[in-house]
Ligand SMILES: Cc1cc2nc3c(=O)[nH]c(=O)nc-3n(C[C@H](O)[C@H](O)[C@H](O)COP(=O)(O)OP(=O)(O)OC[C@H]3O[C@@H](n4cnc5c(N)ncnc54)[C@H](O)[C@@H]3O)c2cc1C
């Protein structure tokens, strides 16, 4: 039987941090609660105080800053709000592909993107698309605000660079280069809600010739203890024509880079094969999307 806790509802970031300072080891933050309440029920976490972050005022959907063209997503924005954002669907399809398949509508209605990142499981669907979009995260604590590249945010399963009491406040995505397409796939054994066997996100930007790779990002989930980028595969593809053959080679290189292991959901060799196949497929989908959207609009 889980023990009881006191639920605290601060209205500002400073109030939340100060409450955390007062109760330190006995306190935990809660946003949507879809991970934290499970941990409490399973006895893995036994806080005396749960500090809610949901009532802190902030954006309720992703927005673009018209001056800088950067995308801002508040940490307390729900997956459902991201899924329903036309802006995200049209300009950042890699993120839309990922969030629309998280859990069920009921889960997405309450679960937040910030909670997904802070929970830091290797299968977190929100992490890979944001890594391929070169996102940074803003973090607020007693020492003030700091910013960290998302790819350096994760330290291991369930571990991040957040220090005690720090709050992830916002995710910032830099402007996209022209002629950019992006795509994400979550691969599982069945369609029902489940943790993925693998998550693969790819972003490709083309030169003006609409053929040569100007920029590429390849992100892999459940392929290592933390979400990872396949840097070797990216180096291979950059500057080359984005052909089926080159995408297949990039896939093979990414498969070599993946630090996959056997688990109850799948064996390592199968996951490695999948990395190769899915990187190639997502690369091809990026190309389709660039062509569908038109060269100048993305
Ligand atoms: C049935 C079900 C299906 C699911 N399916 C998927 C899936 O397909 N893919 C997937 O990726 N996930 C899935 N999840 C996991 C979960 O929904 C996500 O990880 C969710 O985004 C967590 O967000 P939350 O707001 O609920 O976090 P919470 O549970 O409130 O918090 C999670 C952790 O982060 C901390 N925290 C939360 N927000 C902040 C913040 N802003 N700053 C600092 N610390 C913070 C909390 O203290 C806690 O440690 C599923 C969960 C359930 C129950």
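None of the figures in this text is laboratory data; all of them are computed from the coordinates on show. From a predicted model like this one, the values you see are computed outputs, not experimental measurements. For neighbour counting, all protein chains shown are included, and Cβ atoms are generated from backbone atoms with ideal geometry for every residue, glycine included.
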- Once all Cα-Cα distances of the range 217-295 are split into 10 Å bins that start at 0, what whole-number percent is in each one? 20, 49, 25, 7, 0
- Message: Using a Gaussian network model on the chain with a 10 Å cutoff between Cα atoms, which of 288, 83, 170 fluctuates the most?
- Response: 288
- Which ordering of 147, 205 is given by a fewest-first count of other beta-carbon atoms within 10 Å? 147, 205
- Fewest first, what order do 45, 274, 95 take by the number of other Cβ atoms within 10 Å? 45, 274, 95
- With no solvent and one equal point scatterer per Cα, compute the Debye intensity ratio I(q)/I(0) for the chain at 0.11, 0.15 Å⁻¹ and report its log10, rounded to two decimals. -0.65, -1.15
- Given the options 279, 216, 267, which has the most mean-square fluctuation in a GNM of the chain, springs set between C-alpha atoms less than 10 angstrom apart? 267
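So what is the calculated 222 nm ellipticity per residue for the chain, using -39500 (n - 2.57) for each DSSP H run with n of 4 or more, over all residues, to the nearest 500 deg cm²/dmol?
Theoretical 222 nm ellipticity from helices: -9500 deg cm²/dmol.
By counting other Cβ atoms within 10 Å of each Cβ, how are 253, 264 ranked from fewest to most? Intermediate results must be reported in sequence, preceding the final value.
On the way: 253 20, 264 5.
Neighbour counts put them in this order, fewest first: 264, 253.
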